[in-house]
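Here's the structure, in structure tokens; my notes come after.
The values are calculated or read from the model by the stated rules, or taken from the named source; none is laboratory data. Computed from a prediction, not measured in an experiment: that's the story for all the values here. Ideal geometry is used to build each Cβ from the backbone, glycine not excepted, and the neighbour counts take in all protein chains shown. What goes into the accessible areas is simple: the full protein's heavy atoms, side chains included, and nothing from ligands, DNA or RNA. Shrake-Rupley method; radii C 1.70, N 1.55, O 1.52, S 1.80 Å.
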Amino acid sequence: MDNNRDYRVLELSKVLEMLAAKCSCADTAEMARQIEPQSDINKVHEMLTQTSDAHMLAGRFGTPSFGGVSNVANPLRRAQSGAVLSMSELLRVASVLRMVRMLREWRSHCEGVSTSLDGLFMTLAPHRSLEDKITTSILSEDEMSDRASSELFDIRRKIKSAESRVREQLDKMIRSATYQKYLQDALVTMRDGRFVVPVKAEFRGQVAGLVHDTSSSGATVFIEPMGVVEANNDIRLLKGREQEEIERILAALSSECGENADMIIASYNTLIELDLLFAKANLAYDMKASLPVVSADGVIDLKKARHPLIDKNKVVPSDIRLGGEFDTLMITGPNTGGKTVTLKTLGLLTAMTMCGMMIPAGDNSRISVFDKILADIGDEQSIEQSLSTFSAHMTNIIRILGLATDKSLVLLDELGAGTDPIEGAALAESIIEELRGKGARIAATTHYADLKSYALTTSGVENGSCEFDVETLRPTYKLLIGVPGRSNAFAICSHLGMPDSVVEQAKTLVSSENTRVEDVVASLDTTRQTMEKKLEEAEQIKIEAEALKAEIKEREQKLEKAKQNEIELARAEASRIVSQARGEADALLKEIDRLRKDYESAKISALNGDAKSTLRSRLRKMEASVDPVEERSNEGYVLPRELKIGDTVEVFGLREKGTVTGLPDKSGNVEVQMGIIKSRVKLSELRLIEESKITLNGQKRKQKGSTTHSIDTKTVQTEVDVRGCTVDEGILEVDRVIDHAVVMKLGEVRVIHGKGTGALRAGLHQHFRKHPSIKSFRLGVYGEGENGVTILELKK
């Protein structure tokens, strides 16, 4: 990358260094530094898709860890050829295997998405058994685990036992009064892997044994007493066996690594490729970058583009266009106005896209892929080659003219500068025409008024300027396309305090043609600023209108929510009133049952049934009347035909079904049989239940949460279906049927509650245990409905 002068002047290498800093592995960082822009649009599309998918995965599931693994290709190739790897090399292989496994597991947890990276993740080949063998056998770079093999465990057990015996013997010796006076210190130490004691030099003859070392001062000699020589020899032999076993284990592990070398190396290469893609994704998050629309038609349309090397909190976004309506953009304006930054932003973001990177620009920005990006930016003066600034620029431009094609992007900074303005402007115009003739896309900066006029009068060439605030003498760095720039030299000098006479004299020396051009530019600039202010005011009004609209909508939603809350409160209050009424009714029914037990006469039983039915009817009327939200109304209903005896009707106010037993009288009252109660009801309160709703056996079809009523008034209901009801609703329905059955002196009632979760059955059974009219109950058996049915035996 550093050898390519065009990308170097665009500072692409600095962006790639930022990318390298995001990489977890050293090899990945180096790969990032070596990235080169691709001119194949298919390759660019592929790279951008992978980067975009990595960006999406990182955003949804977090960036996976790559653990800083190192390249193990060289150790694995050595193992493949039969070499034995060291413990540190084997641990590095295990680290790669662990990271490969963790990446596969991470991807498996990213459920519900399919990406272009799935192929890369699938090529990762974990080897858990080899990974576990290495990690359980090797504890560190210089320590083998006792559990590496049973033989190693046995050898080390014997070594510890032998060392313990030697220490015991030497401990007795150093604690002995006989030997303590000969010893320099009462301790046991080691020399050359053998246990020794420190003896004063003058008593070396008093302690029989082998001398292994002497202190630097010569005052102490380290002697291995004869009594432990044999034991030390045994330990030395065991140490040798231990080392042989370690070598054998390392050889076995190295051999297995060699057998899987190609697979592990391929997985490592995939791993660092994924590391690079997620590094691009993380850099994109840092830059607040987006994915551009890529084409090969030479059109660039950057929206709110930001130079990636300028602090994102300070950089001013710019809209940059090139291609399409015009193939050449002439950018003018004062020095330090941002012209060069604009050129570099244009070139650098194009190069980043061709490297498969997301760019710091707004959504739907458009970038074209070029075969070359050719740039002449900055001072190329060379003392060694005796080149002036002008000569250096011209040398580079000659190179560009030789390389440019219709697929090239050419960026020229201060074209024609460094020489006579007239000749420089003419030369600049000629260079641009030559490049346009080759079909290149061109962006150039200049101060020459002649080039401004050239852009105004030439089709396919457009003026652009970097805005400058004359009052503050500071550039706004805002690119204005279609507006030629002004040098503002006179205004800047006046603001800095130059005498007016000097400035005015300078103005008289400017040619009338140049003055007219500057006046036109000034007029255009004033008009532009006025229009921009009006546009900003209109945008502000639009924003305020949108905010007001949102506020009104929010208020409407709050009002609707408040309305629903009030309705819910009203329903809750109605439910409380009904529950209270039901409680009082239950108490009254219990009192009636008590009276029935005392008086078994048929008359009392009939009165009992009438009282209960009347109470139930009144209770249902109360339920209907206390609902403040929804009231039932029979208004507007017309009987489809005249009633006849035997018709099934609904008494709308009572929500009860019955059978017509008498035709309407002169007052419009109809005799209706409801269960065991016969009553006269106004004709306007009745609704006809069509015969199509009556089953062939003469019973009404069962509805969710409702009981089954017999059309035949001589029969009484002995079955109730409460499937779909809550526990409270089910208890109320079952109690009503039990009351009827008790009045008619029936012994059994069948309750259908269904199987489901069992919550309804459990709630009902808890109620049955306390019910005064129930003697016992059981679940149904085969043929009766099994666990979905409960059979109640009533007290006589």
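When all protein chains stay in place, what accessible area (Å², nearest 10, 1.4 Å probe) is found for Phe153?
The accessible area of Phe153 comes to roughly 80 Å².
So if each residue of separation counts as 0.36 nm, and I subtract the Cα-Cα distance between Thr389 and Lys304, what length gain in nm does that give?
27.3 nm
Skipping prolines and chain starts, which residues have an amide H placed within reach, meaning under 5 Å, of the one on Arg366, given they are 5 or more residues away or on another chain?
Close amide H contacts, sequence-distant or interchain: Val293, Asp301, Leu302, Lys303.
Can you figure out the FRET efficiency of Leu496 with Glu556, using R₀ = 56 Å and their beta-carbon distance, to the nearest 0.05?
In this case the efficiency is close to 0.45.
When the expected Rg is taken as 2.2 N^0.38 Å, what fraction or multiple of it is the alpha-carbon Rg of the stretch 246-286?
That works out to 1.84 for the stretch 246-286.
So for the pair Thr49, Lys14, with labels modelled 7 Å out along Cα→Cβ, what separation do we get in nm?
Spacing of the two 7 Å Cα→Cβ label points: 3.4 nm.
Can you tell me how much longer the chain between Ser145 and Ala83 gets when fully stretched, taken as 0.36 nm per residue apart minus their C-alpha distance, in nm with one decimal?
20.2 nm
Say the cut-off is 22 Å between C-alpha atoms; which of Lys43/Lys312; Lys507/Lys534; Lys344/Lys478; Lys14/Lys344 go over it?
Pairs exceeding 22 Å: Lys43/Lys312; Lys507/Lys534.
What is the distance, in nm, between label points placed 7 Å from the Cα along the Cα-to-Cβ direction at Asp171 and at Arg60?
6.5
Report, ordered by chain and residue number, the lysines lying within cross-link reach of Lys644, taken as a straight Cα distance under 27 Å and ignoring same-chain residues fewer than 8 apart.
Lys621, Lys657, Lys666, Lys678, Lys682, Lys693, Lys700, Lys702, Lys714
Count of lysine pairs in the stretch 738-796 with Cα atoms under 18 Å apart, counting only pairs 8 or more residues apart in sequence or on different chains?
7
Using the Cα atoms as the points, what is the convex hull volume per residue of the stretch 742-796 in Å³?
Measuring per residue, one finds 72 Å³ for the Cα hull of the stretch 742-796.
Taking 0.36 nm per residue of separation and subtracting the Cα-Cα distance, what length does fully extending Gln580 through Val294 add?
Gain on extension, Gln580 to Val294, equals 95.7 nm.
From largest accessible area down, sort Thr726, Thr28; use a 1.4 Å probe on the protein chains.
Ranked from most to least accessible, the order is Thr726, Thr28.
Quick one: go through the stretch 361-375 and flag any residue whose amide nitrogen is under 20 Å from the point 7 Å out along the Cα-to-Cβ line of Asn42.
Residues passing the 20 Å test: 368-372.
Evaluate E = 1/(1 + (r/R0)^6) for Arg157 and Asn269, where r is the Cβ-Cβ distance and R0 equals 45 Å; express this FRET efficiency to the nearest 0.05.
Efficiency, rounded to the nearest 0.05: 0.55.
Give me a comma-separated list of calculated 3J(HN,Hα) values for the stretch 291-298, in order, Karplus coefficients 6.51, -1.76, 1.60 applied at θ = phi - 60°, integers in Hz, x for any Gly or Pro.
Coupling constants for the stretch 291-298: 8, x, 7, 10, 9, 10, 9, x Hz.
Please give, to one decimal in nm, the separation of the simple spin-label points placed at His767 and Ser215, each 7 Å out from Cα toward the Cβ.
9.7
Rank by packing, highest mean first: peptides 107-115, 437-445, 18-26, with packing defined as the count of other Cβ atoms within 10 Å averaged across residues.
437-445, 18-26, 107-115
Need one value: the accessible area of Glu566 in square angstrom, 1.4 angstrom probe, rounded to the nearest 10.
120
Run down the lysines and flag those whose C-alpha is under 19 Å from the C-alpha of Lys181, throwing out any fewer than 8 positions away in its chain.
Output for Lys181: Lys172, Lys200.
Calculated FRET efficiency, Phe203 and Gln243, Cβ-Cβ r, R0 45 Å, to nearest 0.05?
Rounded to the nearest 0.05, the efficiency is 0.80.
Would you kindly derive the ³J(HN,Hα) couplings of the stretch 409-426 from the backbone phi angles with the Karplus curve 6.51 cos²θ - 1.76 cosθ + 1.60 (θ = phi - 60°), listing them in order in whole Hz, with x for Gly and Pro?
Karplus-based 3J(HN,Hα) across the stretch 409-426 equals 10, 10, 10, 10, 9, 6, 4, x, 6, x, 9, 4, x, 5, 5, x, 5, 5 Hz.
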